[in-house]
1. For region 35-72, give me the residue count where each residue is touching a strand residue (DSSP E or B) at 6+ places or on another chain (Cβ under 7 Å), within 14 Å of the ligand (Cβ to nearest atom) and of a type in the set (Asp, Glu).
2. Sort out which residues of region 191-218 are within 13 Å of the ligand (Cβ to nearest atom) and surrounded by 19 or more Cβ atoms within 10 Å (Cβ to Cβ), and write them in order of number.
3. Given (1) in contact with a helix residue (DSSP H, G or I) (Cβ under 8 Å, 6 or more places away or on another chain); (2) free of Cβ contacts under 8 Å to residues at least 60 places away in the same chain, where does Asp23 come up short, assuming only one miss?
4. Inspect region 153-174 for any residue being of a type in the set (A, V, I, L, M, F, W, C), part of a helix (DSSP H, G or I) and closer than 19 Å to Ala221 by Cβ and give the result as yes or no.
5. Could you check Tyr259 against (1) surrounded by fewer than 21 Cβ atoms within 10 Å (Cβ to Cβ); (2) touching a strand residue (DSSP E or B) at 6+ places or on another chain (Cβ under 7 Å); (3) at pLDDT below 90 and say which number it fails?
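The values are calculated or read from the model by the stated rules, or taken from the named source; none is laboratory data. Source: prediction; values computed, not measured. Methodologically, a virtual Cβ is constructed for each residue, glycine included, from the backbone with ideal geometry; neighbour enumeration extends over all protein chains shown.
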Amino acid sequence: MTAPAGATAAATLSPTPALQVRDLVVRYGSGRKARRTAPAIDGVSFDIAPGETVGLVGESGSGKSTIGKAVLGLQPPTSGTVRVHGQDITRMSLKQRSRQVADLRVVFQDPYSSLNPARTIGQTLVEPLALMGTKGDTAWQKARRGLESVGLPGEAVDRYPSQFSGGQRQRIAIARALVCDPKVVVLDEPVSALDLSTQAQVLNLLADLRDQRGLSFLFIAHDLGVVRFLSQRTVVLYRGQIMETGPVEAVSQAPRHPYTVALTSAAPVPRPAEQAARRAAREALGMGTAGAAAASATGCPFVPRCPLATDVCAEQRPPLRLIDDNLTACHHAERVPAL
Ligand SMILES: Nc1ncnc2c1ncn2[C@@H]1O[C@H](COP(=O)(O)OP(=O)(O)OP(=O)(O)O)[C@@H](O)[C@H]1O
C-alpha cells in the first residue's frame, strides 16, 4: 500500500468498503480568509470494511467531528470523496441523502439534546421510516421492535424523552439510528455524556447489535480505552491529519507515534504511580503545561515536544515524513527517547 504524500495514510483497503473516505479536505468559512487558514481536515483517507468498527481518536479540536459531519453531509467537503458501499454521496443534498442513503445513520453524543422533547418516542422512530417510504402500522411495529432490540419495552413508543434516563435516551437514539436497517453508523462520542456503568451497558449493546447485524461503525471518541473496547482498528487524528493507523491493540499497547503515546498517556488510569509515570511522559513530549506554551509559540505541534529539538522548526505544519505505509511522524520523532 502506498500512502499519499504528506500526512495522509490510508487505513486497510478492502475491495468493497462499507465506508470509503478519500483525500478529504474540509475548510470552514469561505473566501480569501478561509483559504489562508489551515484546513480543519487535511487530506484524510480511510476505509471501513463491512462489519468492522474503526475508532477515530484525537484530542479536542483535532477534527473528529468534522470528519463525522462530512461523512453525514452536514458539512460539505472542500475536496475529496465519501462513498457508502461504493455510492459517492459527497455532492448529494441532505434531502437526497435521507431518501437514498438508508445505509448511513448517526448516533450523537448528547442524548438530552438529540431527541425532540415535544415528540413521543414512537413519533421520533417512525419519522426516518416515513422518509424511506414505510408508514402506518408497519412503521409503528418496526418502532416497537426497534425499542425492544435496545432493551426497552415496545410500549415506550407512547412516552416522551423526559420520562427516560440518559442511558435509556441513548438506547432510544440507537434504536432511531438502526430502525431503517443501515449498514454504516457514525457514532459521535456516543457514551461520553454517560456515567461509567451506563457507558459499559451502551458499549455492550452497540457491540451486540454490530455483531448481530453486521454493522460497520465509525466510532468517534476521545478515550482510547472506549475505542479499544469496540473497535478493530484505530485512526489517530491530529490537527486534521492522520498520524497513525493500525489494529486497535497495537495502537493502544505499542503506539508508534509520539502523539499517540501522549494521547494514550492522557487516558485515565487507576494507579497513582502509573499516573505519575504517564504525566512525566507527557511532560517529556512537551504535552504538559511547559510544552503547550512552546507549541503555541512556534505553531509546530511536534518539534516543541521533542526534547532534542533545539533547532525549532518554524513551519506552520508539522515537518512530517513517511516512516512506513501506516505511519507519519516528525523528523525528530525517532530521536524521542523510548518511554
Ligand atoms: N463551524 C465551524 N466553523 C469554523 N471552525 C470550526 C467549526 N467547527 C469546527 N471548527 C474548527 O475545526 C477544527 C476541528 O474541530 P472539530 O470539532 O472537528 O474537532 P473535534 O476533534 O471533534 O473536537 P471535540 O473533541 O472538542 O469535539 C477546530 O479547529 C475547530 O475550531
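1. Of the residues in that region, 1 qualify.
2. Within region 191-218, Ala193, Leu218 meet the criteria.
3. Tallying (1) in contact with a helix residue (DSSP H, G or I) (Cβ under 8 Å, 6 or more places away or on another chain); (2) free of Cβ contacts under 8 Å to residues at least 60 places away in the same chain, Asp23 fails exactly one: (1).
4. Yes: region 153-174 contains one or more residues that are of a type in the set (A, V, I, L, M, F, W, C), part of a helix (DSSP H, G or I) and closer than 19 Å to Ala221 by Cβ.
5. With respect to (1) surrounded by fewer than 21 Cβ atoms within 10 Å (Cβ to Cβ); (2) touching a strand residue (DSSP E or B) at 6+ places or on another chain (Cβ under 7 Å); (3) at pLDDT below 90, Tyr259 is out only on (1).
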